[in-house]
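Report on one structure; see the data block that follows.
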Amino acid sequence: MAQEIYSKTIGQLIQHDQFDDWWESGEIEIPFFDHKGFTVIFMDYEPGKDSAFMDEADQALTDFLKLNSEDRIAISGLAYKNCTDFLDIVEPDEADEPLRQIEDINDIWDFIYPTGIYVARRHHRDKDIYITIACNCEWEREHGFQLVFRQGKKLTRVSDEDGHLTKSDAFGITDEEDELLSQF
């Protein structure tokens, strides 16, 4: 029988049936995406081994849930740049034509499909809590798209889904060299 943990911010989470250190919520309304419901998963959390995780995760989620569609629109330029950077390096494809025709960068969200919210601790350097919004998108069908927020407050990464919470971790650079993370 699966175990349960409780978050003061989002309620009950049930232990994932395949990964013992993953904990899955029911559907949570996410204001950042116009109150659409998504599952939140706590990753790499073993109760009893990280006594601060739940309190820090709850605080990060509280801050993240304050972000709304205006905050999403404010980062449209970064999402659009991720798309155009990708399109600039691939062979032209007729399926990408609607992306190339975008005139208003805010329309990029019509091509992004959030799939879940993940909460994890960075295991080195700052050891902070990060919230990742995993997405499918029209331009990077194989690797998807992700938005990562440090402490749930500030966007610190826009990239394909590569398993890294920061650009500095993904590319072996210092946190100071990581443009978004260094602004935190």
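Tell me, which residue of region 28-51 that is assigned to a loop (DSSP other than H, G, I, E, B) and in contact with a Lys or Arg (Cβ under 9 Å, 6 or more places away or on another chain) is farthest from Gln12 (Cα to Cα)? First the steps, then the outcome.
To start, the set of residues in region 28-51 that are assigned to a loop (DSSP other than H, G, I, E, B) comprises 34-35, 43-51.
If we keep only those that are in contact with a Lys or Arg (Cβ under 9 Å, 6 or more places away or on another chain) as well, we get 34, 43-45, 50.
Values: Asp34: 23, Met43: 15, Asp44: 17, Tyr45: 15, Asp50: 18 Å.
If we take residues in region 28-51 being assigned to a loop (DSSP other than H, G, I, E, B) and in contact with a Lys or Arg (Cβ under 9 Å, 6 or more places away or on another chain), then Asp34 is farthest from Gln12 (Cα to Cα).
To keep it simple, each residue is scored yes or no on (1) of a type outside the set (A, V, I, L, M); (2) touching a helix residue (DSSP H, G or I) at 6+ places or on another chain (Cβ under 8 Å).
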| residue | (1), (2) |
| --- | --- |
| Asn82 | yes, no |
| Ile102 | no, yes |
| Tyr113 | yes, no |
| Phe145 | yes, yes |
| Ser159 | yes, yes |
| Asp162 | yes, yes |
| Leu180 | no, yes |
Within region 129-169, track down each residue that is touching a Gly at 6+ places or on another chain (Cβ under 8 Å) and over 20 Å from Leu65 (Cα atoms). Asn136, Cys137, Asp160, Glu161
Being among the hydrophobic types (A, V, I, L, M, F, W, C) and modelled with pLDDT of 95 or more is the filter; apply it to region 94-114 and report the residue that is nearest to Cys135 (Cα to Cα). Ile112
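The values are calculated or read from the model by the stated rules, or taken from the named source; none is laboratory data. Since the structure is predicted, the reported quantities are computational estimates derived from the model, not experimental observations. All Cβ positions, even for glycine, are placed from backbone atoms using ideal geometry, and neighbour counts span all protein chains on display.
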